[in-house]
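Only one structure is covered here, and it is reproduced in the block below.
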Amino acid sequence: MRADPCAAAPRGLKEDCSHTARVLVLGADGSLVSLLSDVLGEVGIAVLTEAACAQGAGAALVMVQRGDSILDALHCARETTGTAPVFILVPFEDERVMQHALRLGAQGCFALGQPMEDLRRMVLSGLSGTRGTP
């Protein structure tokens, strides 16, 4: 039997932990999906990778490689998840690209290489309905 992931959640995140929270991940390779599953699983968030399973996803994480693909990525995620918050993942920290994602309507933006705690906090804030960017 698997241990309760919420029991091990860091203080401050435990209150927001949900056993049923699900996040759809789009555009990520297998190693990134595995990392996201580990990081978000620590606070009880399941990671979905199939668009067909998107029904009931509380948020979407979408990996983009370039700033000019953000609008298409947001559109695709919204078609799949409806009104759920959409977070953009970018391969490196570029303030211009990150601000562009927010202006286009992303709930938040996370650059790989930042502390994973920031990603958890951002996703939890989106799932609870508050806007958050690390």
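All of the numbers you see were taken from the coordinates with simple rules; none came from a lab. For clarity, every value in this text was computed on a predicted model and none was experimentally measured. Quick reminder, even Gly has a Cβ in these numbers, built from the backbone with ideal geometry, and neighbours come from all protein chains shown.
For region 25-120, chymotrypsin sites (Phe, Trp or Tyr not before Pro) meeting the loop criterion (DSSP other than H, G, I, E, B) and having at most 16 other Cβ atoms within 10 Å: 92. In loop segments of region 55-120 as defined by DSSP, the trypsin sites (Lys or Arg not before Pro) with at most 15 further C-beta atoms inside 10 Å of their C-beta are 66. Take every pair of alpha-carbon atoms less than 8 Å apart whose residues are at least six positions apart; their mean separation over the length of region 18-126 yields a relative contact order of 23 percent.
Sparsely packed loop sites in region 29-133 (the GluC sites (Glu not before Pro) outside DSSP H, G, I, E and B with at most 15 other Cβ atoms within 10 Å) comprise 50, 93. Over region 18-126, one equal point on each Cα, no solvent: what is log10 I(q)/I(0) by the Debye formula at q = 0.18 Å⁻¹? Computed log10 I(q)/I(0) values: -0.80.
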